């Protein structure tokens, strides 16, 4: 870029050097005041039981123990549910294996963890419900489900030339953030508390702790400089650790740190919702879907947590990129004796998208057509077939252009022919190829969360700028992009902008850093604050120098008014000496969005992100092992604020999605004990799981909506690009039967699942 324009610049992440050198400070790096204690949680070894006796006498006597807290020590609300009750800090009735029952503060973490093992707990055992289907049979739900309908799908299905009926399951996923759950609490005067929490939602943390202590919110100050990954797992799941840590600090009147080890972290916290789907679909000989009926059921765990919004988003994305003229979808939010399922990158949208993609793929295989053709023929169009099943008109549709361009650039058609030839010649190694689209809506579906605040100071002495927002930096580069936006707006060098840690006493009432909206919201709020300061400066110049101040130009450290130019540093200094404010708060709320949840109609999203991916895989039919050979991605991120960071998000999101759909498997025993609770039992993608060829290209496009810099987000949507990997594996399996049968394959497509699918396919031949 020319001059000092910092938007669209490939600038390194503001903490990149600190991340790789180890100098980035996380909560565990904060210097501990003298007398700091260390916490540990005692949790249930049963999945469903009534606590008859909680004997903690030996815990109290254990070496190093200073204090123990139970439900009796909670002066206020004994619950950390953000929207609904149902997540007690310490329950009287156990509802999942790993549920916290009490906590200890000791002179070291090791001694605290040893102490909690000495509890003697007497239970009255109850039968746990673990499986989604069992919960369905027993009609156990955390919330009432809903049914949405457009047209007359039953009639359309009955009259259709072709018909399919089947089911499909999608597995859960552990967040596996690098920095585990941690909180550090320092008591202050007047019974105030300074809380450091690895959380995506500082304001909600503040509110929940205030309710627990029965104190005012202004006595609780939550600060987050950075967190080591969240992916939704620290949107609500961090609350209980911050609450317990604060309770220990209140009782001991000393600083307390609560740091979970990996096993306990995974055991206690909620995961991605796994889904079970039944469907019926009617379609014509061309492959156009004429009617579809879908039933969705999800494992929600013991409480609603965020399941209501997550399951609603699944309904909102059941169409993905396809126009469904006649459709009905009903969902069931199943209660199980497992930890409460929670937010995870995609927030239910990806589960809904996978269901319709599986339907589309099966329609294609029934007709013995290339799934790419069937996908394309069912796409939303620009001037017709452009109204979603929830009544929103799609005004920014570019999926046809992206899809067609990627088919050409990836050489999809020739590769598909060559792969079929390869599969004929090779008995035990089979290749598969698939292309899948993405249309993902951006905004919180809870309307009031679509707002953000900011606080900006310009220091007159040197013209440096300090920015505070409600955004949480968790590796996604939000701080970097906000600094770029502010630098660009003021025409200053990037190094004159500092984005500070997120603090509830600086910018209050913030929304979670989630829903792929963090930069959209907080970046716009920061610019709003900057523009207020610029208005102050313009009025000052107009008043003192009698010059017109219409649209002054801020560039290269200069401010140009009509007929007069100032050095930025000189202008702000002069303004200060004339008692002009160089500070301002800023605010932004997302326009246009409205949604009637009862009728399930409206505009829940400001805009959509689009993309497509072509994946090629190699499958060993003897072992079920598979390898991603090549991936080609074309993704729409508007006019990017920082293309390098956006590309990193695309690559990272894709790999995480591929992990969910192929490798990562969450398993429980029938007694409710989680068996996949450590790196030794739960596999995430590693270097060897990366595509051998990984081609990422950006679709040139501007956001049609008035979003900061005309950019589009890259937080969640890229994860859904990995659907192409799953369907490429399914394509490879189909080749075993010479593409004449529909493979039965559920996600994740582990080697075991692949072998079972191949066995089932051979039995059909």
>> Need one number for the stretch 342-430: average projected area of the convex hull over its C-alpha atoms, nm².
In response: 8.8
>> On the Cα set of the stretch 142-201, report Rg and Dmax in Å, please.
In response: 25.3, 75
> Where both residues lie in the stretch 561-699, what percent of DSSP beta bridges are antiparallel, nearest 5?
Replying inline: 70
> Using the Kirkwood radius built from alpha carbon pairs, what does the Stokes-Einstein equation give as D for the stretch 340-491 at 37 °C and 0.692 mPa s, in µm² per second?
Replying inline: 161
> Using a basic spin-label model with each label point 7 Å from the Cα along Cα→Cβ, how many nm lie between residue 620 and residue 579?
Replying inline: 8.0
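Cα-based Rg of the stretch 636-679 per 2.2 N^0.38 Å, rounded to two decimals?
Output field value: 1.81.
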> Can you give the calculated 222 nm mean residue ellipticity of the chain, where each DSSP H run of n ≥ 4 adds -39,500 (n - 2.57) and the sum is split over every residue, rounded to the nearest 500 deg cm²/dmol?
Replying inline: -9000 deg cm²/dmol
> Hey, got the Cα dimensions of the stretch 410-495 along the principal axes, in Å, largest first?
Replying inline: 75, 35, 22
>> Please rank 735, 516, fewest neighbouring Cβ atoms within 10 Å first, as an exposure proxy.
In response: 735, 516
> When the chain is fully extended, how far beyond the present Cα-Cα distance does residue 558 get from residue 466, taking 0.36 nm per residue of separation?
Replying inline: 31.2 nm
>> To check you understand DSSP bridge types, tell me what percent of the beta bridges within the chain (both residues inside) are antiparallel, rounded to 5.
In response: 80
>> Ignoring solvent entirely, what values of log10 I(q)/I(0) come out of the Debye formula for the stretch 644-748 at 0.16 Å⁻¹ when each Cα is a single scatterer?
In response: -0.89
> Per the Cauchy relation, a quarter of the hull surface: what is the mean projected area of the convex hull of the alpha carbons in the chain, in nm²?
Replying inline: 34.3
> How far is the Cα center of the stretch 197-256 from the Cα center of the stretch 691-752, in Å?
Replying inline: 37
> Want the number for residue 218 to residue 85: 0.36 nm per residue separation, take away the alpha-carbon distance, what's left?
Replying inline: 45.6 nm
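Take 723, 690 and order them by how many other Cβ atoms sit within 10 Å, fewest up front. Before the final figure, lay out the partial values.
Working: 723 27, 690 16.
Result, fewest neighbours first: 690, 723.
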>> Need one number for the stretch 558-622: average projected area of the convex hull over its C-alpha atoms, nm².
In response: 13.8
> If you wrap a convex hull around the C-alpha atoms of the stretch 227-382 and split its volume per residue, what is the figure in Å³?
Replying inline: 149
> Over the stretch 432-562, what number does the Rg to Rh ratio reach, with both radii from the alpha-carbon atoms and Rh per Kirkwood?
Replying inline: 1.09
> Roughly how many whole Å is it from the C-alpha centroid of the stretch 20-46 to that of the stretch 538-555?
Replying inline: 51
> If each of residue 764 and residue 693 carries a label point 7 Å out from its Cα toward its Cβ, how far apart are those two points in nm?
Replying inline: 3.0
> What relative contact order, as a whole-number percentage, does the stretch 66-222 give when Cα pairs under 8 Å and 6 or more residues apart are counted?
Replying inline: 22
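Within a 10 angstrom radius of the beta carbon, how do 60, 668 rank from fewest other beta carbons to most?
Details: 60 13, 668 22.
So the residues, fewest neighbours to most, are 60, 668.
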> Quick one: what do you get for the stretch 235-320 if you divide its Cα Rg by 2.2 N^0.38 Å?
Replying inline: 1.76
> For the pair residue 110 and residue 596, how long in nm is the line joining their label points, each one 7 Å along Cα→Cβ?
Replying inline: 6.4
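If eta is 0.692 mPa s and T is 37 °C, what Stokes-Einstein diffusion coefficient results for the stretch 1-112, Kirkwood Rh from Cα pairs, in µm²/s? Don't skip to the answer; put the middle values down first.
Numbers: Rh = 18.1 Å.
The calculation lands on 182 µm²/s.
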> Taking the radius of gyration and the Kirkwood hydrodynamic radius from Cα positions alone, what is the Rg/Rh ratio for the stretch 558-712, to two decimal places?
Replying inline: 1.18
> Expressed as a whole percent, how much of the Cα-Cα distance distribution for the stretch 5-62 exceeds 13 Å?
Replying inline: 81
> Viscosity 1.002 mPa s, temperature 20 °C: Stokes-Einstein D of the stretch 176-273 from its Kirkwood Cα radius, in µm² per second?
Replying inline: 160
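Give the shape of the stretch 76-224 as rounded, prolate or oblate, defined through the alpha-carbon gyration tensor: a ≥ b ≥ c are the square roots of its eigenvalues, a/c under 1.5 means rounded, and otherwise the shape is prolate if a/b is larger than b/c and oblate if not. Spell out each step's value before the answer.
Numbers: a/c = 2.59, a/b = 1.86, b/c = 1.39.
Since a/c reaches 1.5 and a/b is larger than b/c, the shape of the stretch 76-224 is classed as prolate.
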>> Normalised by the empirical 2.2 N^0.38 Å for globular proteins, what value does the Cα Rg of the stretch 521-576 take?
In response: 1.14
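Every read-out reported here was derived from the displayed coordinates using simple, explicitly stated rules and does not represent laboratory data. Remember, predicted model here, so these are calculated numbers, not experimental data. Positions of Cβ are generated from backbone atoms using ideal geometry, with glycine treated the same way; all protein chains shown enter the neighbour counts.
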